[in-house]
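The values are calculated or read from the model by the stated rules, or taken from the named source; none is laboratory data. Because the structure is predicted, anything quoted here is derived from the model rather than measured. Quick reminder, even Gly has a Cβ in these numbers, built from the backbone with ideal geometry, and neighbours come from all protein chains shown. Remember, those area values only see protein heavy atoms, side chains included, never the ligands or the DNA or RNA. Shrake-Rupley method; radii C 1.70, N 1.55, O 1.52, S 1.80 Å.
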Amino acid sequence: MIRPERIAHVVLKVRDLERSRKFYTEVLGMDVMMEAPAIRGVFLANNRRDHHELALIEVGSRAEAPRANAVGLLHVAFRLENEKKLRAAYKELKEKNVPISFTVDHGVTKSVYFRDPDGHELEVYCDNPPEEYANLPNSYLGMEKLDFAPDDPGLADALVAQMGH
């Protein structure tokens with residue numbers, strides 16, 4: 001049986017490499033580790049920790065957007081150290097006019113979901129202390145929206161909106 005140490009990186013196909021590089025470096029603070037013009041790509045990492053955690057490959061402006069009901073990647077999550085940093089990230093997303101898809105206290109995590117310029121769903125989250133979710137019936141499926149995001153949808157709101165489409 002293969003037992004990987006961890007997931008190492010994700011590669012996303014994007015329409016416009018420069019637009020996506022700007023989003024991932026300026027909104028999510030990722031560092032460019034290598035440029036790859038021959039394949040129209042860029043390799044990025046958080047805190048220069050790895051040779052790359054995310055790669056972006058340009059596929060052109062006519063590429064289809066990710067489809068909600070297609071098989072494939074649902075979202076990529078970026079872990080933050082604590083709730084203070086999650087609150088700061090939420091504030092920064094708002095300041096940079098990144099629309100918030102929804103927020104949720106899942107139980108094990110507090111999460112803010114949003115999309116990159118190509119429509120890939122992204123999540124920034126922090127883990128909750130175990131005592132916060134120890135007595136929940138399912139600590140992975142909490143539905144409450146975050147108290148610091150009262151003007152944005154919660155997960156329940158997003159699910160209702162999705163079913164309406």
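Points to keep in mind about this one:
- Cross-chain or 6+ apart pairs with Cβ under 8 Å, segment 89-104 first and over 20 Å from Met30 (Cβ atoms) and touching a residue at least 40 places away in the same chain (Cβ under 8 Å), then of a type in the set (Lys, Arg) and open to solvent by less than 30 Å² (accessible area, probe 1.4 Å): Thr103/Lys110; Val104/Lys110
- Residue check, Ser61 of a type in the set (Ser, Thr, Tyr) and in a loop (DSSP other than H, G, I, E, B): yes
- Considering segment 47-57, and only residues there that are under 18 Å from the mean Cα position of the chain (by Cα), open to solvent by 20 Å² or more (accessible area, probe 1.4 Å) and in contact (Cβ under 8 Å) with a residue 24 or more places away in the chain, the residue that is nearest to Val10 (Cα to Cα) turns out to be Glu53.
- Subset of segment 121-143 that is among the acidic types (Asp, Glu) and either modelled with pLDDT of 90 or more or surrounded by 20 or more Cβ atoms within 10 Å (Cβ to Cβ) (or both) - its residue that is nearest to the chain's Cα centre (by Cα): Glu123
- Residue match in segment 58-73 (condition: more than 24 Å from Asn128 (Cα to Cα), hydroxyl-bearing (Ser, Thr, Tyr), out of contact with any helix residue (DSSP H, G or I) (no Cβ under 8 Å at 6 or more places or on another chain) and open to solvent by less than 60 Å² (accessible area, probe 1.4 Å)): no
- Test for Leu17: is it touching a Phe, Trp or Tyr at 6+ places or on another chain (Cβ under 9 Å), hydrophobic (A, V, I, L, M, F, W, C) and touching a residue at least 40 places away in the same chain (Cβ under 8 Å): no
- Contact map, segment 105-119: residues that are under 28 Å from Val59 (Cβ atoms) paired with residues that are in a loop (DSSP other than H, G, I, E, B) and open to solvent by 20 Å² or more (accessible area, probe 1.4 Å), Cβ distance under 7 Å, separation 6+ or inter-chain. Pairs shown: Phe114/Pro99; Asp118/Arg15; Asp118/Ala65; Gly119/Ala65; Gly119/Pro66.
- Residue pairs meeting the criteria (Cβ under 8 Å; at least 6 apart or on separate chains; first part of a loop (DSSP other than H, G, I, E, B), in segment 136-156; second surrounded by fewer than 13 Cβ atoms within 10 Å (Cβ to Cβ)): Pro153/Ala161
- Residues being open to solvent by 50 Å² or more (accessible area, probe 1.4 Å) and either hydroxyl-bearing (Ser, Thr, Tyr) or modelled with pLDDT under 95 (or both) - total across segment 10-46: 0
- Val124 vs. criteria part of a loop (DSSP other than H, G, I, E, B), under 20 Å from Met30 (Cβ atoms) and in contact with a Phe, Trp or Tyr (Cβ under 8 Å, 6 or more places away or on another chain): no
- Residue satisfying all of: in segment 74-120; among the basic types (Lys, Arg) and not in a loop (DSSP other than H, G, I, E, B); surrounded by the fewest Cβ atoms within 10 Å (Cβ to Cβ) among these: Lys84
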